[in-house]
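Notes follow the structure.
The values are calculated or read from the model by the stated rules, or taken from the named source; none is laboratory data. As the structure is a computational prediction, the values presented were derived from the model and not from experiment. Please note: Cβ atoms are built from the backbone with ideal geometry, for glycine as well, and neighbour counts cover all protein chains shown. Please note that ligands, DNA and RNA were not included when accessible areas were found on the heavy atoms of the full protein model with its side chains. Shrake-Rupley method; radii C 1.70, N 1.55, O 1.52, S 1.80 Å.
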Amino acid sequence: GYRALVCLYLTGGNDAHNWVVPTDAASYLDYSRARGALAWPAARLQALSSSGQASGRTFGMPQELAPMRKWYEAGKLAVLSNVGSLVRPLTRAEYLAGGSGLPPKLYSHNDQSSFWQSLAPEGAPSGWGGRMGDVLQSANAHPALTSVSACGNAVFLTGNSAQQFQIGESGPIRITALDQAMGMGSTQTAAMLRKVILSSGADPLQAEYARITQRSLATTGLLTSALTGAGIPDLPTTAVTLPSGTSLRLDQEGLARQLRIVAQMIAAGSGLGMRRQVFMVSLGGFDTHASQLRDQPMLMARVAQATDWFLTSLQGAGLLDRTTLFTASEFGRTLTSNGQGSDHGWGSHHFVAGGAVKGRGIYGTFPVTALGTSTEVDNGRLLPTLSVTEYAATLGRWMGLGRSELDTVLPNLGNFSVPDLGFLG
């Protein structure tokens, strides 16, 4: 059958301490003391059921995330607690001692973004989504559509042989001059331009450019036809009123538009002879050093409303069981406040949603959100207890990769004892 993996990347380092909040009296007191002015008010949290955590611990999500909480309670969304970049399992004492076990250049946007996407620092030639594409593309009638980005160039989707295909929010990115009947005063301009850009010449760079352009033109024609009959609804133009009293329109939201084109491609996938595809979408604005309490509710709402529309549309098309969406971000943030927001952290909480997700649960051990614990390393930064590698391995298994293939895709998988976290059926 067909399966699609969708990475939702939250650019800047998401402060997920306020996305999933402990609500039992003792834990909330620890949380509010650590967070200070950044603590989410208890009255604005909605309870989560069946957490799977220690007896007596309870949790909630902000009202702004109600559309995601709905999928959690329906058993189609799960929380992954305290995930982060790790080369191998690490203790607090080992972190404080420094050394080879530490991920490279912690707290750096560029390097940690690269590590999340590739398991290597900035400059990595391939990402683990693209390396999955290396394995999976032979199953597809159109290998060029195995790894697809709706948010520009990303190392996550770059393979050793698989090349990412970039698509715009409205469909394939076209060379518009080739579609024009008249250009620069002549009806021959488009034909001459086509001849120039497709000429391989004698130079290797020109030949490669011509090859990629030819692939783009061929794939654009194929996709334009396939997406027309995909049957995914338009984004709603009616404004949604949020708990804060502000509103948003999904048809004007970049993330929602990215997710719609991905939904269209998923709907068209089987008809195109595709069996496995890896996608990426993104939303920025999560580097909340300042104005966090002002900006965070809208960031939450943008993610929740767009994700809800995406999952609902796929469910209506009978494709939800074939799709898994997961969140990623270069790092979490500090529990402590800098006076206006939070600073670069490490471990963070993430979300996985789809028909195959064993939802209504929190996977991993949810940390005590307080200072001075075994998982707090400095200034409220959490030492991750789940690794990106284990997270990726679980997603890869669902996509059909065996252990030897996963070892190729995830070079440090052998350092971890749990290659499947169990959140996918």
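Quick notes on this one:
- For peptides 5-17, 213-225, 55-67, sequence by mean Cβ density within 10 Å, most packed first: 5-17, 55-67, 213-225
- Full-stretch length increase - residue 25, residue 161 - with 0.36 nm per residue and alpha-carbon distance subtracted: 43.7 nm
- Cβ-defined net charge surrounding residue 400, 11 Å radius [Lys, Arg +1; Asp, Glu -1]: +3
- Note on residue 247 and residue 189: the extension gain reaches 16.3 nm, defined as 0.36 nm multiplied by sequence separation minus the Cα-Cα distance.
- From largest to smallest, the equivalent ellipsoid semi-axes obtained for segment 373-425 from the alpha-carbon gyration tensor read 26, 12, 8 Å.
- As a length-normalised measure over Cα pairs under 8 Å and 6 or more apart, the relative contact order of the chain settles at 30 percent.
- Accessible area per residue for segment 36-81 is 37 Å², calculated with a 1.4 Å probe on protein heavy atoms, without ligands, DNA or RNA.
- Amide H contacts for residue 59 (H built 1.01 Å from N in the peptide plane; partners 5 or more residues away or on another chain; cut-off under 5 Å): 23, 48.
- Per-residue Karplus couplings for segment 176-187, computed as 6.51 cos²θ - 1.76 cosθ + 1.60 with θ equal to phi - 60°, are listed in order as 4, 4, 6, 9, 8, 5, 10, x, 6, x, 9, 7 Hz, Gly and Pro entered as x.
- Here the chain is assigned +1 on the Cβ of each Lys and Arg and -1 on the Cβ of each Asp and Glu. Its dipole about the Cα centre then comes out at about 660 debye.
- Size of electric dipole in segment 276-387: Cβ of Lys, Arg +1 and of Asp, Glu -1, about Cα centre, debye, nearest 20: 360
- Segment residue 374-residue 207, extension gain: residue separation times 0.36 nm, minus the distance between their alpha carbons: 54.5 nm
- Distance between the 7 Å Cα→Cβ label points at residue 44 and residue 108: 3.6 nm.
- The alpha carbon gyration tensor of segment 294-425 gives principal lengths a ≥ b ≥ c with a/c of 1.5 or higher and a/b no greater than b/c, which makes the shape oblate.
- Evaluated over the Cα positions of segment 34-135, the convex hull gives a direction-averaged projected area, one quarter of its surface, of 10.3 nm².
- If a spin label sat at a point 7 angstrom from the Cα of residue 214 along the line to its beta carbon, no backbone N atom of segment 154-175 would be nearer than 13 Å.
- Rolling a 1.4 angstrom probe over the protein heavy atoms with all chains in place gives segment 201-281 an accessible area of 46 Å² per residue.
- Label separation (residue 240 vs residue 403): 4.3 nm, computed from points 7 Å beyond Cα along the C-beta direction.
- Fraction of accessible area attributable to carbon and sulfur, the chain (%, probe 1.4 Å): 53
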